[in-house]
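Okay, structure first, notes after.
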Amino acid sequence: MGATPAITALEKVGVEHAVHSYAHEKTSTDYGAEAVAIMGERIGAAPGQIFKTLVVDLGDRRLGVAVLPVPQQLSLKAAARAFGVPRAVMAQAAAVTRATGYVLGGVSPIGQKTPLPVVVDVSAREWDAVLVSAGRRGLEIELAPADLIEVTGATVAAIAAG
C-alpha cells in the first residue's frame, strides 16, 4: 500500500506518527463508525480519540475543514464562529474531492491538494494521541494532537455539539 499525500506530508516534516490500516467494508457508508469499531478493537482507541474530517462551505467559494471526534456532531454555528464567517454549511461532495484530492470517507486534514483552513475541536487536547484519516478509506494516522494542529496550521475551538 503506497503512501498517501497525508503520510508523505508528515514524513517530509518529520512528524512522529503511526499508520493503521484495515479492510474497509465496501458496503459501509458510515466510515467513522467503521473506524471507531475497528480501531477500538485493534489498538484499544476510545471512540472520542478517533476524529473525523468534515469540509464546510464558508460562502464566497471558500471551504474550511472541521476535525472533531467521530461520535460528536459538528455545530455549524460554532464552526462558522471559529472560521470567522457568519454562516457555514456542509460542503458538496464534489467540491470536497476537488479541493482536497480525497474521496469522502478518506478525507484527511493533512496533505490536501489545496490546503484549506482547519479547525480542530478542543477535545483533541485531552488525548496523548488522536487518529485521523490518512487519506484513504481504511487507513488511519495516529499522532499527537499538537502535531496535528501544527502540521495543519489549525486553530482550536469547541466545534462539537452536545
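Throughout, read-outs are computed from the coordinates displayed, never taken from laboratory work. Since the structure is predicted, the reported quantities are computational estimates derived from the model, not experimental observations. In this analysis, Cβ positions are derived from the backbone assuming ideal geometry, glycine residues included, and neighbour counts consider all displayed protein chains.
Here are a few things to note about the model shown:
- Only DSSP H runs of four or more residues enter the estimate; each adds -39500 (n - 2.57), and after division by the residues of the chain the mean residue ellipticity at 222 nm equals -8000 deg cm²/dmol.
- Trypsin sites (Lys or Arg not before Pro) restricted to DSSP loop in the range 105-157 with at most 14 other C-beta within 10 Å: LYS113
- Loop-located chymotrypsin sites (Phe, Trp or Tyr not before Pro) in the range 33-139 (DSSP state other than H, G, I, E, B) with a sparse environment of at most 13 neighbouring Cβ atoms within 10 Å are absent.
- The H on the amide N of ALA158, modeled in the peptide plane, is under 5 Å from the matching H of VAL122, each at least 5 residues off or on a different chain.
- Mean separation of Cα pairs under 8 Å and 6 or more residues apart, divided by the residue count, gives the chain a relative contact order of 29 percent.
- DSSP-defined beta bridges in the range 5-161 - what % are antiparallel, rounded to 5: 75
- Between THR155 and GLU16, residue separation times 0.36 nm minus the direct Cα-Cα distance comes to 48.0 nm.
- Where labels lie 7 Å past Cα in the beta-carbon direction, separation of ALA33 and ASP60 in nm: 3.8
- Proximal lysines relative to LYS113, as straight alpha-carbon distance under 22 Å, when same-chain residues fewer than 8 apart are discounted: LYS12, LYS52
- Label-zone membership for the range 115-147, site ARG81, 7 angstrom Cα→C-beta point, backbone N under 19 Å: 118-125
- Spin-label model, ASP128 to VAL89: label points 7 Å out along the Cα-to-beta-carbon direction sit 4.4 nm apart.
- A Cβ-based charge dipole, computed about the Cα centre of the range 5-161 with Lys and Arg at +1 and Asp and Glu at -1, lands at about 680 debye.
- Cβ-based exposure ranking for GLU25, GLU41, in which fewest neighbours within 10 Å come first: GLU41, GLU25
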